[in-house]
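> Here's a structure for you.
A short reminder: the numbers here are calculations on the coordinates, not readings from a lab. Everything numeric here is computed off the predicted structure, so don't read it as measured data. Methodologically, a virtual Cβ is constructed for each residue, glycine included, from the backbone with ideal geometry; neighbour enumeration extends over all protein chains shown.
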Amino acid sequence: MGRLKLAVSCSSNMNRSMEAHSFLAKKGFNVQSFGSGNQVKLPGPSPDRPNVYEFNSATYNDIYNDLVMKDKTLYTQNGLLHMLDRNRRIKESPQKFQTCEDRFDVIICLEERVYDQILEDLQTRESVDGQSVHVINMDIQDNHEEATIGALFVCDLCTRLEACEDLDNEIDEVLTDFESKCNRNILHTICFY
Amino acid sequence: MTEAQESVGDLVASEIQEAQAINNGTCDQRLDHLRRAQELIIHHDPSGSLLDNFLDEMLEFMIDSDAKIRCFVVGFILEACKKEMELIKKMGSNLLFMLSDQSQNVSVTKKVINVATLLYPLLLSWMSKQKNPDQETELAWENFAVLKGRVLHQIESENEGIRTQTFKFLESCILAQTPKTAQSEGSKADSMSLDQVPRDHRFISYRKLDLEAKQYIDSLLQQLSAAHISSLNLLTVISCLTNIARQRPEYMEKVLLAFETLHVNLPPTLGTSQVKSVRKELKMHLLRLLKHEASSPFHPQITTLLTDLGASQQEVLRALPSDSELKRRMRRPGESADAGAPQRKRAKPEEASTSQVVVEADDDQEDDDASAADSETKRTQSAIDITGQYLYDKLTAKNVADLVLVSMTMLPDEMPPNFQSSYTPIAAAGTEAQIRHLSRMMATQFTAQGVGPGVEQGKREAREKYLERQSAKMEGAVMPPTPAHISASSGESSMAPPPPPPAKPPGQPLYGVQGQQKASKRLIQFGLAHITRPMQPEERSRMIQFAFEHIINSEKRALQGGGATAHQKLMVRLACRFAPGPLTSSFEDLLLTFIMADQKSRSDLAILWVYETYAQFQGFTQLATAAEEQDRYDRYGRCLCRLLETLFERGEHKETLFHKILLEAPHITPDALLCLKRACLDKVYGAFGMTTLREMILTRPRQRSELLCVLLDFSYYERPDLKTQSLETAKELFQLDWIRPDVKEFVGTLLENVLRPQPPPVLFGEEQGRPVRMMVWDEHTIRACLYLYLNLLPLDHSLIQKLAEVYALANTEVKKVIFRVLEAPVKAMGMHSEALLLLLDNCPKGAETLAARIVHLLTERNAPTKELVIRLKNLHNSRGTDVRSLIPVLTGLDKAEILKALPKFVLSAGMQRSVQGVFNRLLTGKNIETGAPPMSAQELMVELHKIEPKTNDEMKYLISAMGLLFSQSNTYTKDVLAGVIQTLLDLDPMPTLMMRTILQALTLYPVLNGFIMNVLHRLIGKQVWTQPKLWEGFVKCCQKTIPQCFQVLLHLPPVQLRALFLASLAQGEDIRRPLIEHVRSLPGHQQAHVPAEILRTIMEDPTTAATKVEAEVDETALEEEAERQMVEDEDEEEEAREQLLLEEDDNDDAETPQAADEVEQRRPVSSESGDSPVEDI
């Protein structure tokens, strides 16, 4: 089995998915990252005033500049600027999963809501050629530390999946093993393009 | 062809070439080239000529070693077909080939299934549009049907991915083979559906496709209830079924029912998170179904299910279509929005009637099955509805409270993980909807267990239908086979009903209560695996035993059906091929009993059994479980012996089977041999056993020696019949060259037994007839050992040598017995036997007596042959054997030899008893050369006289020997005696005993008086007085013959005359006076002839004249006395020496049987000739 085409997805394609993306890319995985929400949402000065951007149109660079402009100190302090800086070096802009035409072997969701959205999308797509894709969910809280730890887990999982001789046949076992090891709730299903 | 096209063609060619050329490059590079070529062929060539041109080149990659390339080729086939469907005619077989990929590569297989999934709707669509399909198209369709079948087989595959793809393929098939309806949604407008297939298509049957689709759906639905399904497959099936439900709403109800069942009966193998995933999947799909316009009749079910799955009210509401839309839908004809159980109940008869119509309209079997299966689902549904309604009525507050209380006792100690993960608080407890839902859930479980009013009704209906069918069958209508489900349900009803499921408290999800009962509670379609439970070991073995008995008892039917051989094989193999254990041994018992019940007609079975075990022992047939060679051999032996023993115990060892087994068994074990032995010992039918034994010895070279032992062992048994049979058989076998050595060896060993200090234990035992073990040999035991040997002796004379060897070493007792039993065999051999002569030549040391005995036996009635004589003589000379050994051959000896031997006979104390025999032989025997007796009577007597005895004893023996002769008055007539005396007179010196003989002759034959007077005269002439013994006899003779002797006396010299007077006077007889009388009475002239000196001697008293005479006589007498004294001394010495020797001889004699015989016999030697000193055997 060659390299797997991987997708990691969180809600805004900012923190968790990008952390995993960066980590996996460094390890040489064939990976893309996505958000599944309607918009890219970043913490604002207060919880009820988030910074909201459109997927695909706003680049990380744009957002970076925007935030610098808005309140450089705040966003430096809470690490947003640092994160965006990292992100813009990985890819252009946040991508929304639902609009992506690419095919994957495995899609890893980092939040149950994201999993639901992605399943909803995959199941309502017009079926094309019946190629299967495994969708896996692993809950990771949306903060820096958890994102870093989460990326390690994701990498571990991907390594295990790639080691499979026959993914379809072994994924159940791998996931059961992995679940007991990382002690996180794993959801898994299969969809067809 | 335009230039552009040409250049594209060149490009394609170069790409393909490069792809072929890169051998060592990565396969990605090659794939790139191929992809480019494909792109060019498919998308840059409107004419389609390139596809034709390069198709074969592309397909060549089909056998590439790299799986990715092969996958690509499969993909290419799809693309090519999409572009030009005609090509399926060419490539259908390629797909089939790739499916059975030679390297069994999973990814290729999956790719093929995937391509088939996509290709099938296109193909069906294209086919159905063909107005005038040619042969090739039809062939392509058939080819694809084969492919389809192969793909569907993969549903049983070990590989999850392949199964997943197969489910998708099923989905695709179902969608393509079912008609689209107005409510179908979610598929492309041009997607294939059954309604596009023309009903009058030449080779595609609309009905068949329809039926197939229904079967496919059932098989998909069945997957949901399979206990072992993996989460991945389960998810796939759920998604497939949802797709089907959405696109073919007619199956919505079935699918929903299946989901409902699944929800309460999730496979027990799923882990916690897998359960969660499945529930999530179910929820999402149900939400999507909820949006479907055809789902409105099922909204109550779906919403309750969703609530159970944890969907929030909001979610449900969001998914529900708006009220206005609902209303719009409600106006549609058909089913109303709130259609519940009653409506569906009403729908049922309609369904039944339609299926009835179908049966009438189309007699197609599958169609009937399918409709039956369909109505089966309907029935289950309606059963749930009926029971649900029934339960709903029962779920009053009081009942529910009771149920809760009762079920409290059954609560598990720990909360099961499934329950924990799936439990959702009941939102609307106690409401009408919730009660209805609960009753429905319970009804589902009830129905699954086969209880409740709904099921009862269903059964009733099924039974009615079944009876209807049966009666139709009876009337002769050709009916398709009864569908399995009917018999299954009737079968279920005949079984004891399972215990009712424990009641559930309201609101508690049913599946979480008791893990162990979960599997059995699931609502499932009929499947043997589901309604059966593992049996208890005892029950199982009992059932197995019953089954075996049943097989056994069906012999008659097997015979009638011509399957007797198969039946026998079956029984034997069942009994033999499994590992030994209680079950197998009970099989064996049954089989044995069966055979014995009618052993005459089941002998083949018995033989088959024996052979089967033997084949196993030899490893010709495989056992179900491996066993050691020893075990296998034991098994064989056991089988054989049990058969034989049982036959024996039943007294059937006289029957053919017993012997057949022994004769046909490939190998006879020692135990089996024991059985045979026992059979031989049978008093009545032993002969049968013997015959079998004999046959076996003849036909079983490998076991010959063992078998021979058994046979020959009987020879030393006491029972005469056994002995005889054994001997007769042995004699018969002995004639056969290839068996003789074995027999010889055996008898040899048996014979050697007698050399042991004690009789061997084998001789003793109940069977042998000698129950008490004896520690010393006696005649019986010795005879037992010799019996066979001696009887075989006449058949093979060379055995005598061995006998002689043994004899030489044996003790006296044995020797005696051998002597006694020897006669018959030796006589049978005859004296011309080479072996006998050889024995005489090489007689083992110590066996000389045996040789002598043999010769004696042989010559008892027949004259010895020359060879015999020579050999015996040699033996006598070289070994110095007892002279008696020469007696038999006396007639063969020349006179010198006889004369040499004669004194040995006559003078020896030990020989006295033989003397008569010797004389007989000498006088009556015929010399083997001359034919005349070896000696005449006269000769013999003379020769006896010539013997000079040295002691008084010898003298005594000699006298008695002569006495023997004298007593034979027939032989020794007066003439003979006269001859003898005449001859004796001529001898010089005259024998001592001569006077005794003369006196004897005188006594026997007084007529000889005159002759004897002459003899006396001659004696006087020979100066008889010089020999005192003779003189003594002379005096006696004169005394006896008074008065005849007076004439003789007158011729004596006066001195001798006076001595005679004195001697007779000393004996109380006075001869002088009668003599004086005689002289005085003489005529005168005769008196004148009497010399004066004589007269004077006569006249004077001898006592007065004695002094003078005595002086003379005394002088000589003194000398003689001294001389005699000396001789006597010497004689005494000699006598003592001889006495010593004799004692030694006696000792020797004691050991020789002859001596012993003589001791034993103690009977007087009769005058009859030919009487042997040895008793006849």
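> Treating only the Cβ atoms of Lys and Arg (+1) and Asp and Glu (-1) as charged, compute the dipole magnitude of chain A about its Cα centre; round to the nearest 20 debye.
Working: 20 positive and 32 negative charges, 194 e Å.
Here the size comes out at about 940 debye.
> Please list, in chain and number order, the residues 5+ apart from A:V135 or on another chain whose amide H is under 5 Å from its amide H, with Hs placed from the backbone.
For A:V135, whose amide H was placed from the backbone, the distant partners under 5 Å are A:I107, A:T189, A:I190, A:C191.
> Which value, in debye to the nearest 20, describes the size of the charge dipole of the stretch A:40-90 about its Cα centre when Lys and Arg Cβ atoms bear +1, Asp and Glu Cβ atoms bear -1, and nothing else is charged? Write down the numbers at each step before the final one.
Numbers: 7 positive and 6 negative charges, 32 e Å.
The calculated dipole for the stretch A:40-90 is roughly 160 debye.
> Checking the cross-link filter: which lysines have an alpha carbon closer than 24 Å to that of B:K866, excluding same-chain neighbours under 8 positions apart?
The reachable lysines, counting only those whose Cα sits under 24 Å from B:K866, are B:K827, B:K845, B:K895, B:K900, B:K904, B:K926.
> Would you kindly derive the ³J(HN,Hα) couplings of the stretch B:210-223 from the backbone phi angles with the Karplus curve 6.51 cos²θ - 1.76 cosθ + 1.60 (θ = phi - 60°), listing them in order in whole Hz, with x for Gly and Pro?
Working through the residues one at a time gives 4, 5, 4, 4, 5, 4, 4, 4, 4, 5, 5, 4, 4, 4 Hz.
> Turning to a different aspect of this structure: Whose amide H sits under 5 Å from the amide H of A:K5, counting only residues 5 or more places off or on another chain, with H placed in the peptide plane?
Correct list: A:D105, A:V106.
> When the Karplus curve 6.51 cos²θ - 1.76 cosθ + 1.60 is applied with θ = phi - 60°, which whole-Hz ³J(HN,Hα) does each residue of the stretch B:672-677 get, with x for Gly and Pro?
4, 5, 4, 4, 4, 4
> Given the pairs B:K208/B:K465; B:K82/B:K110; B:K68/B:K129; A:K181/B:K254, which are separated by over 28 angstrom at their Cα positions?
Values: B:K208/B:K465 25 Å; B:K82/B:K110 19 Å; B:K68/B:K129 34 Å; A:K181/B:K254 40 Å.
Long pairs (Cα-Cα over 28 Å): B:K68/B:K129; A:K181/B:K254.
> Also: Taking only the C-alpha atoms, wrap a convex hull around the stretch B:793-881 and report its volume per residue in Å³ as a whole number. Intermediate results must be reported in sequence, preceding the final value.
Working: hull volume 7.2 nm³, N = 89.
For the stretch B:793-881, the hull spanned by Cα atoms encloses 81 Å³ per residue.
> In whole Hz, what ³J(HN,Hα) sequence does the stretch B:169-175 give by Karplus (6.51, -1.76, 1.60; θ = phi - 60°), x for Gly and Pro?
For the stretch B:169-175, the Karplus curve yields 4, 4, 4, 4, 4, 4, 5 Hz.
> Moving on. Calculate log10 I(q)/I(0) of the stretch B:52-139 for q = 0.21 Å⁻¹, where I(q) comes from the Debye formula with a single equal point scatterer on each Cα and nothing for solvent.
Evaluating at q = 0.21 Å⁻¹ gives log10 I(q)/I(0) of -0.98.
> Of the options A:Q77, A:G130, A:F34, report the single residue whose Cα projects farthest towards the positive end of the charge dipole of chain A (beta-carbon charges: Lys, Arg +1; Asp, Glu -1).
Positive-end residue among those listed: A:Q77.
> I would also like to ask the following. What are the lysines whose alpha-carbon lies under 22 Å from the alpha-carbon of B:K556, with same-chain residues fewer than 8 places away excluded?
Candidates past the 8-residue exclusion: B:K569, B:K600.
> Along its principal axes, what span do the Cα atoms of the stretch B:537-699 show, with the longest given first and each in whole Å?
Taking max minus min along each principal axis of the Cα atoms, the stretch B:537-699 gives 48, 38, 28 Å.
> Still on this structure, I have one more. If I histogram all Cα-Cα distances within the stretch A:40-90 using bins 10 Å wide from 0, what percent of pairs lands in each bin?
Histogramming the stretch A:40-90 at 10 Å steps yields 27, 62, 12 percent.
> Assign one of three labels to the stretch B:98-257, namely rounded, prolate or oblate, based on the Cα gyration tensor with a ≥ b ≥ c the square roots of its eigenvalues; rounded applies when a/c is under 1.5, prolate when it is not and a/b is larger than b/c, and oblate otherwise. Mind showing how you got there, number by number?
Values: a/c = 2.08, a/b = 1.15, b/c = 1.81.
It is oblate, given that a/c is not under 1.5 and a/b is not larger than b/c.
> Here is a follow-up. For B:F546, B:F819, which order do you get if you count the other beta carbons within 10 Å of each Cβ and list the fewest first? Intermediate values should be presented prior to the final figure.
Values: B:F546 10, B:F819 24.
Ordered by Cβ neighbours within 10 Å, fewest first: B:F546, B:F819.
> Still on this structure, please answer the following. What whole number of Å gives the distance from the Cα centroid of the stretch B:304-318 to the Cα centroid of the stretch B:189-244?
28 Å
> Greater than 21 Å separation of Cα atoms is the criterion. Which listed pairs, A:K26/B:K111; B:K744/B:K816; B:K148/B:K214; B:K950/B:K974, meet it? Mind showing how you got there, number by number?
Details: A:K26/B:K111 31 Å; B:K744/B:K816 24 Å; B:K148/B:K214 16 Å; B:K950/B:K974 29 Å.
Result: A:K26/B:K111; B:K744/B:K816; B:K950/B:K974 exceed 21 Å.
> Still on this model: Return the loop-located trypsin sites (Lys or Arg not before Pro) in the stretch B:158-223 (DSSP other than H, G, I, E, B) with at most 16 other Cβ atoms within 10 Å of their own Cβ; answer none if there are none.
Taking the stretch B:158-223 and a limit of 16 other Cβ atoms within 10 Å, the loop trypsin sites (Lys or Arg not before Pro) found are B:K188, B:R199, B:R202.
> Let me ask something else about it. Tell me which GluC sites (Glu not before Pro) from the stretch B:756-854 have a DSSP coil assignment and no more than 16 other beta carbons within 10 Å of their own. Before the final figure, lay out the partial values.
Values: sites: B:E766, B:E767, B:E779, B:E805, B:E813, B:E823, B:E834, B:E848; in loops: B:E766, B:E767.
Counting only loop positions with at most 16 other Cβ atoms within 10 Å, the GluC sites (Glu not before Pro) in the stretch B:756-854 are B:E766.
> Next up: What relative contact order, as a whole-number percentage, does the stretch B:793-881 give when Cα pairs under 8 Å and 6 or more residues apart are counted?
On the way: 74 pairs, mean separation 30.2, N = 89.
Relative contact order comes out at 34 percent.
> I would also like to ask the following. Using the crude model of +1 on Lys and Arg Cβ and -1 on Asp and Glu Cβ, and no other charge, please compute the dipole size for the stretch B:793-881 relative to its Cα centre, in debye to 20. Numbers along the way, then the final one.
Working: 12 positive and 9 negative charges, 50 e Å.
About 240 debye.
> Here is a follow-up. Around A:S33, which amide H atoms from residues at least 5 apart in sequence, or from another chain, sit under 5 Å from its own amide H, with H modelled in the peptide plane?
A:V8
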